[in-house]
Amino acid sequence: MDVSFEFEHYQVRLIKSSDAVTIANYFMRNRHHLAPWEPKRSHAFFTPEGWKQRLLRLVELHKHNLAFYFVVVDKNEHKIIGTVSYSNITRFPFHAGHVGYSLDSEYQGKGIMRRAVNVTVDWMFKAQNLHRIMAAYIPRNEKSAKVLAALGFVKEGEAKKYLYINGAWEDHILTSKINDDWKPE
């Protein structure tokens, strides 16, 4: 499956099995930057060998339309600078999934993540015919709150001790965006 979007000198595309080294490098570079927002990761998560195994599973999930893992690439620097992932995709009768994302510390504040999430949400609505995309964020993550609000995600509630993040249960704000153009297949 080949899905790709471009803006400025950035490309947003589905991860490929050949991306093990560059995705491991991304997470290694941003290990401390992302730690407050993510689960504690095993050593393998930061190695090309660990990613080779993970990519085998992700590529299978892509083939079966069960999950989609996009990377954001700086084409000038030839490196991965972010991720946008869609998981827990459920079809009839829910037609929904969850989105999560991360961005390199050096690329913050440039609108890159807003644009990357926007083009992938649009693709999920049109190509995958999802009706609802859900996103959750830790209340103190103001950057994530701004990205979601700018894209029309609406707050639906708060969940206490929702996800086990960086070694602790964290409360989350629950949001979603609805596909107003959804039609049954």
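Where in segment 86-112 is the amide nitrogen less than 13 Å from a point lying 7 Å along the Cα-to-Cβ axis of residue 79? Only 104-108 fall inside the zone, counting backbone N under 13 Å.
Would you calculate a helix-derived [θ] at 222 nm for the chain, using -39,500 (n - 2.57) for each DSSP H run of n ≥ 4 and dividing by the full residue count, to the nearest 500? Display every interim value, and only then the final one.
On the way: 5 runs with 54 residues, N = 185.
For the chain, the value works out to -9000 deg cm²/dmol.
Sequence gap at least 6, Cα distance under 8 Å: using those rules, report the relative contact order of the chain to the nearest whole percent.
Numbers: 306 pairs, mean separation 33.6, N = 185.
Computed over the chain, the figure is 18 percent.
Rounded to the nearest 20, the size of the Cβ-charge dipole of segment 68-138 about its Cα centre is 260 debye, with Lys and Arg at +1 and Asp and Glu at -1. At 7 Å along Cα-to-Cβ for each site, give me the label-to-label distance between residue 32 and residue 110 in nm. Taking the two extended label points, one gets 2.2 nm. Taking amide H as placed 1.01 Å from N in the peptide plane, residue 131 has its amide H under 5 Å from the amide H of 96, each at least 5 places away in sequence or on another chain.
Within a straight-line Cα-Cα reach of under 12 Å, residue 161 can be paired with the following aspartates and glutamates, leaving aside sequence neighbours fewer than 8 residues apart in one chain: 170, 171. Computed 3J(HN,Hα) for segment 147-154, one whole-Hz value per residue from the Karplus formula 6.51 cos²θ - 1.76 cosθ + 1.60 where θ = phi - 60°, is 4, 5, 4, 5, 8, x, 6, 10, glycine and proline marked x. Relative to the Cα centre, the charge distribution of segment 77-185, modelled as +1 at Lys and Arg Cβ and -1 at Asp and Glu Cβ, gives a dipole magnitude of about 60 debye. Toward the positive end of the charge dipole of the chain, with +1 on the Cβ of Lys and Arg and -1 on the Cβ of Asp and Glu, the farthest Cα among 28, 90, 129 is that of 28. Each part reduced to its alpha carbon centroid, segment 83-112 and segment 1-70 end up 12 Å apart.
Quote the convex hull volume per residue of segment 39-79, based on C-alpha atoms, as a whole number of Å³. Walk me through the numbers on the way to the answer.
Details: hull volume 4.3 nm³, N = 41.
Expressed per residue, the convex hull around the Cα atoms of segment 39-79 is 105 Å³.
Summing Cβ point charges (Lys, Arg +1; Asp, Glu -1) relative to the Cα centre of the chain gives a dipole of roughly 280 debye.
Modelled spin labels at residue 65 and residue 40, positioned 7 Å past Cα toward Cβ, are 3.9 nm from each other. Computed with a 1.4 Å probe on the full set of protein chains, the accessible area for residue 175 sits at about 10 Å².
Here the contact order of segment 1-82, divided by its residue count and restricted to Cα pairs under 8 Å and six or more residues apart, works out to 39 percent.
Lysine pairs in segment 1-156 whose alpha-carbon atoms fall under 19 angstrom of each other, counting only those eight or more residues apart or on distinct chains, come to 13.
The values are calculated or read from the model by the stated rules, or taken from the named source; none is laboratory data. Just so we're clear, the structure is a prediction, and the values are computed from it rather than from any experiment. When we count neighbours, we look across all protein chains shown, and the Cβ atoms used for this are built from the backbone with ideal geometry, even at glycine. Note: areas computed on protein heavy atoms with side chains; ligands, DNA, RNA excluded. Shrake-Rupley method; radii C 1.70, N 1.55, O 1.52, S 1.80 Å.
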